[in-house]
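The values are calculated or read from the model by the stated rules, or taken from the named source; none is laboratory data. What you are looking at is a predicted structure, and each value in this text was computed from that prediction instead of being measured. Cβ: placed from backbone, ideal geometry, glycine included. Neighbour counts: every protein chain shown.
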Amino acid sequence: MKRVLVIVSVLVLLFVVGLFVTHHRHETTPMVATSAAPLAAASAAPTDLAGGVPTAFSHPGANVIVIAIDTLRADSTTMCGYRRDTTPNLERFAQHSYLFRKAWSVAPWTVPSFMSIFTGLFPSHHGVTNKFTAVGPNKLVATTLSPTILTLPQILHRHGYVLAGFTGDAGVSGSFGFSRGFSVYRDDLHFGAMNHSIPLALAWLKHRPTGKPFFLFVHGYDVHGMFTPPHGYTRRFVHDYHGKLTGSPAEDAKFREASLYAGLQPGWLGHPHVVGMTAADGRFYKALYDEKIYDCDKRIHRFLVKLKKMGLYDNSIIVMVSDHGDEFLDHGSIDHGQSLYDELVHVLLMIHLPGQVQGQAFDDPVNSFDALPTVLDCLGIPIHHHIDAVSLRPLMTGGKMPQKYWFSETDYRFFVHKRSVRDKRYKLILDMTTMQRELYDTIADPHEKHNLINEKPKVAMRLEKVLEAWLHSLGTPLDEYRGVHQKPITVF
Ligand SMILES: [Zn+2]
């Protein structure tokens, strides 16, 4: 009997301990991602996660590392639920970072988008909307940021930061104004990737000036159409392709131009045959793109490992951001710049704060150009002039962002003039030259295939009023664009 009592007591004790452990584990399980189940939308403050380690928002004097993956579509990453496991390492990074799963870029191509990230201004405000600026009927000059506009890295420089940039040139060439305030700004390899910029950045970090915090900008065209993997494609994600395309930069450029000219046709909303590609060709291009993402993910992982070994990972704010996405016949085109659909404006944005162990994912919409104002806010550095971007502090500290609308714009190569406004559900795209309107329900129709402009006139009218007010605030009223319809320039 005594023995039975002991056994029962032990079982009861094990049961109680089990209950406690189960309950405890439940409470302390961080909101982390797995490839099977993406991170849940977070509503609690990071510090409210019971048993979790609180994440402090303020980090005065921390180093800043911005890793910029050019042309990366958010919907093609593992942590945003992509069907292919393209970014296992970035997903691990997301597990102890803030992941903004609905980050919209204010522009769909490199030059205006990165200048918006650098300045916190809409492209129409910073003025670097094209690589060239027309100064006469047949005269173009290279565009550069107005000297009256202060970049956000320049503000860091004024607060004692050393700035260093290692880039793939082209759309982030220092000549546009990106290099202002930088001690080093490398842009010597046209369409260079991280396999070029990361070694340069690591060499600089080893010999950097001591005694000052740094802002490091590491950029690469690893997934861009103009970049081919150094050892060719393994075709990791290609299945059953029997077409003749190879995915070479020259081929990509040919389809890009064909897309742009196809868009000259009034009312064109995308017809793949116009650019000379089949649907199978488009899927093949997407598979090659995914392979490049997979390779880039590995390069960034190796970089993060090196940062940890150098003791820089835990005392730096690390931002991962992309400037725009890429199109693979989603709306009948190839490349980017030419439209404002989500394959081009839904971008990657993750922020890792020093010492952060708890990841958190947000489904609240934000803009990617909010990244640097958020960083400055973390560092306690004020911005004394007007910018359009905002700090994401409210969201990251358990609150909500005040915005109701998010805008994007493109004046790609003086030809495509489009603007968009979206709320949390609907998105209106306005072609400024033809006044053609498209309205999408981004929840019911996330791929923007069903134009609701005739079915939801009240919604369209409401959003168009918001868009017009925004255009007015930018000093670019609609009337300036109506009827402008130039051919694309060949130099860009
Ligand atoms: Zn780009």
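Test G81 against the criterion of being surrounded by fewer than 24 Cβ atoms within 10 Å (Cβ to Cβ) and under 22 Å from H352 (Cβ atoms), and give yes or no.
yes
If you take the residues in the range 209-223 that are under 28 Å from the mean Cα position of the chain (by Cα) and of a type outside the set (A, V, I, L, M, F, W, C), which one is surrounded by the most Cβ atoms within 10 Å (Cβ to Cβ)?
This residue is H219.
S197 fails exactly one of the following numbered conditions: (1) surrounded by fewer than 18 Cβ atoms within 10 Å (Cβ to Cβ); (2) in a helix (DSSP H, G or I); (3) within 16 Å of the ligand (Cβ to nearest atom). What is the number of that condition?
(1)
If we keep just the residues of the range 171-194 that are closer than 16 Å to H224 by Cα and not in a loop (DSSP other than H, G, I, E, B), which is farthest from the ligand (Cβ to nearest atom)?
M194
Where in the range 48-164 are there strands (runs of 3 or more DSSP E), lying fully within it, with 3 or more residues that are more than 30 Å from K298 (Cβ to Cβ) and away from the ligand (no atom under 16 Å from the Cβ)?
Where strands (runs of 3 or more DSSP E) fall fully within the range 48-164 and carry at least 3 residues being more than 30 Å from K298 (Cβ to Cβ) and away from the ligand (no atom under 16 Å from the Cβ), they are 132-136, 139-142.
Tell me, which strands (runs of 3 or more DSSP E) lie completely within the range 316-376 with 1 or more residues that are within 16 Å of the ligand (Cβ to nearest atom) and within 16 Å of the chain's Cα centre (by Cα)? Even if it seems obvious, please write down each step before you answer.
Details: elements: 316-321, 349-352, 360-362.
In the range 316-376, the matching strands (runs of 3 or more DSSP E) lie at 316-321, 349-352.
Kindly indicate which of F114, F166, F178 is within 18 Å of L307 (Cβ to Cβ) and hydrophobic (A, V, I, L, M, F, W, C).
Values: F114 fails: within 18 Å of L307 (Cβ to Cβ); F178 fails: within 18 Å of L307 (Cβ to Cβ).
That would be F166, the only listed residue that is within 18 Å of L307 (Cβ to Cβ) and hydrophobic (A, V, I, L, M, F, W, C).
Restricting to the range 436-450, count the residues that are crowded, with 16+ Cβ neighbours inside 10 Å, modelled with pLDDT of 95 or more and assigned to a loop (DSSP other than H, G, I, E, B). If you could, list the steps in order and put the result at the bottom.
We begin by selecting, within the range 436-450, every residue crowded, with 16+ Cβ neighbours inside 10 Å; these are 436-442, 448.
Next, from what is left, pick out any that are modelled with pLDDT of 95 or more: 438-442, 448.
Next cut, assigned to a loop (DSSP other than H, G, I, E, B) only: 442, 448.
Going through the range 436-450 one residue at a time, the tally reaches 2.
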